[in-house]
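Undergrad: Take a look at the following structure, please.
The values are calculated or read from the model by the stated rules, or taken from the named source; none is laboratory data. Bear in mind the structure is a predicted one, so any value in this text is a computation, not a measurement. Counting neighbours? That spans all protein chains shown, and the Cβs are built from the backbone with ideal geometry, glycine included. Ligands, DNA and RNA are excluded from the accessible area calculation, which covers all protein heavy atoms including side chains. Shrake-Rupley method; radii C 1.70, N 1.55, O 1.52, S 1.80 Å.
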Amino acid sequence: MTNLAHILRFLDDEIRGLQARISSYGNAAQEAKLVMLKDIRALVASLENRRASA
């Protein structure tokens, strides 16, 4: 497993945990963090896909 795969797994876990917290008592800061984590995850996934196709 590559470092990027580890990072993706970590980000997925962080996103799931944050989504669970937001569903019960979320605030604007948590919503902003969720958007940021999803953006970072998308970037890392694109890097992983680019590496896999190279």
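Undergrad: Filter the stretch 1-34 for residues that are among the hydrophobic types (A, V, I, L, M, F, W, C) and under 13 Å from the mean Cα position of the chain (by Cα) and give the result. I'd like the intermediate steps shown before the answer.
TA: Here is the first cut: in the stretch 1-34, the ones among the hydrophobic types (A, V, I, L, M, F, W, C) are 1, 4-5, 7-8, 10-11, 15, 18, 20, 22, 28-29, 32, 34.
Within the stretch 1-34, Leu4, Ala5, Ile7, Leu8, Phe10, Leu11, Ile15, Leu18, Ala32, Leu34 meet the criteria.
Undergrad: A further question on this structure: From the set of residues in the stretch 35-52 that are more than 15 Å from Phe10 (Cβ to Cβ) and open to solvent by less than 90 Å² (accessible area, probe 1.4 Å), which is farthest from the chain's Cα centre (by Cα)?
TA: Residue satisfying both the conditions and the ranking: Ala52.
Undergrad: Which residue pairs have Cβ atoms under 6 Å apart, sit 6 or more places apart or on different chains, and have a first residue in the stretch 15-33 that is farther than 21 Å from Val44 by Cβ and a second that is among the polar types (S, T, N, Q)?
TA: That search, which allows pairs on different chains as well, returns Ile22/Gln30.
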